[in-house]
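Colleague: Please read through the structure below; I'll follow up with questions.
Any read-out appearing in this document is the output of simple, stated calculations on the displayed coordinates, not a laboratory observation. Computed from a prediction, not measured in an experiment: that's the story for all the values here. Cβ: placed from backbone, ideal geometry, glycine included. Neighbour counts: every protein chain shown.
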Amino acid sequence: MSPRTEEQLAALKVVRKEQIIKQTLKLFATKGYFNTSISDIAKKTKISKGLLYNYFGSKEELLNEVIGFSLNKAFEDSIKITENIGEQPPSLIFRTAIEKTFEEFKEKEELWRLLLSLAVHVSSIPSVHQTILMVYKTLTEELEALLTSIGYADAKTEAIKLGALLDGIGIQYLIFGDEYPLGKIKENIITSYTKNK
């Protein structure tokens, strides 16, 4: 067996880094960022603390990577949906985007738990605050473009309001679980935003 090429080693490092991020998300979501030690992460990911620092310079850097990676993955499809503006009826695009967002509430519960736990502490971790701001700015711009295509005059304000509404729904779903009427709320939002538009 011949030694691995630099490209192979780089590809392996990317795969391993993603594995570390995914395992760390689970830890942060269950134990909380502040209650999770580097030793906990090393144990969970089955690597030494030294090797962990080879991938990430600090626990805060790892947290940033976890949040950035997870949010981008969570909203990747939603952002692609808005690329269809002009090709499909705006109300259909809106419906698809909202349905995808509601699916993400269920599928990415660990991410939402982590974000909720960090919400009250985000100002004490400035780099994380910046990461979250960048992702939310992109999402707000996507919502604004979508709402503009539906016919909202002040689409920017409406996008901010809808984003806040979705955040609140996500929090309530985390609290109440399957008892929360997620399907009814989803349909109500879709109807409210697309009727007469």
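Colleague: Starting from the Cα of Lys46, draw a straight line to each of the lysines and keep only those under 29 Å, dropping any in the same chain fewer than 8 residues away.
Modeller: Cross-link targets: Lys13, Lys17, Lys22, Lys26, Lys31, Lys59, Lys73, Lys106, Lys108.
Colleague: Quick one: length gained pulling His129 to Ile38 fully straight, 0.36 nm per residue minus the C-alpha distance? Before the final figure, lay out the partial values.
Modeller: On the way: separation 91, 0.36 × 91 = 32.76 nm, distance 2.10 nm.
Stretched out fully, the His129 to Ile38 stretch lengthens by 30.7 nm.
Colleague: Right, another one. So what's segment 52-197 giving for Rg/Rh, alpha carbon basis, Kirkwood Rh from the mean inverse pair distance?
Modeller: Working: Rg = 16.2 Å, Rh = 16.3 Å.
Rg/Rh for segment 52-197 comes to 1.00.
Colleague: Expressed in nm to one decimal, what extension gain is obtained for the pair Leu51 and Ser192 from 0.36 nm per residue of sequence separation less their Cα-Cα distance? List each step's numbers first, then the result.
Modeller: Values: separation 141, 0.36 × 141 = 50.76 nm, distance 5.12 nm.
Gain on stretching Leu51 to Ser192: 45.6 nm.
Colleague: Let me ask something additional. Using only DSSP helix segments of four residues or longer, with each worth -39500 (n - 2.57), what per-residue ellipticity at 222 nm results for the chain after dividing by its residue count and rounding to 500? Please report the intermediate quantities before stating the final value.
Modeller: Values: 9 runs with 154 residues, N = 197.
Using -39500 (n - 2.57) per qualifying helix, the result is -26000 deg cm²/dmol.
Colleague: Working out 0.36 nm times the residue gap between Thr30 and His121, then minus their Cα-Cα distance, what length gain in nm do you get to one decimal? Spell out each step's value before the answer.
Modeller: Working: separation 91, 0.36 × 91 = 32.76 nm, distance 1.63 nm.
Result for the pair: 31.1 nm of gain on full extension.
Colleague: Something else about it: Among the aspartates and glutamates, which fall within straight-line cross-link reach of Lys100, defined as a Cα-Cα distance under 13 Å, with same-chain neighbours fewer than 8 residues apart omitted?
Modeller: In chain and number order, the partners are Glu76, Asp77, Glu187.
Colleague: With a point put 7 Å past each Cα toward its Cβ, work out how far Lys184 is from Glu109 in nm, to one decimal.
Modeller: 2.1
Colleague: Using Cα centres only, tell me the gap between segment 43-66 and segment 142-178 in whole Å.
Modeller: 34
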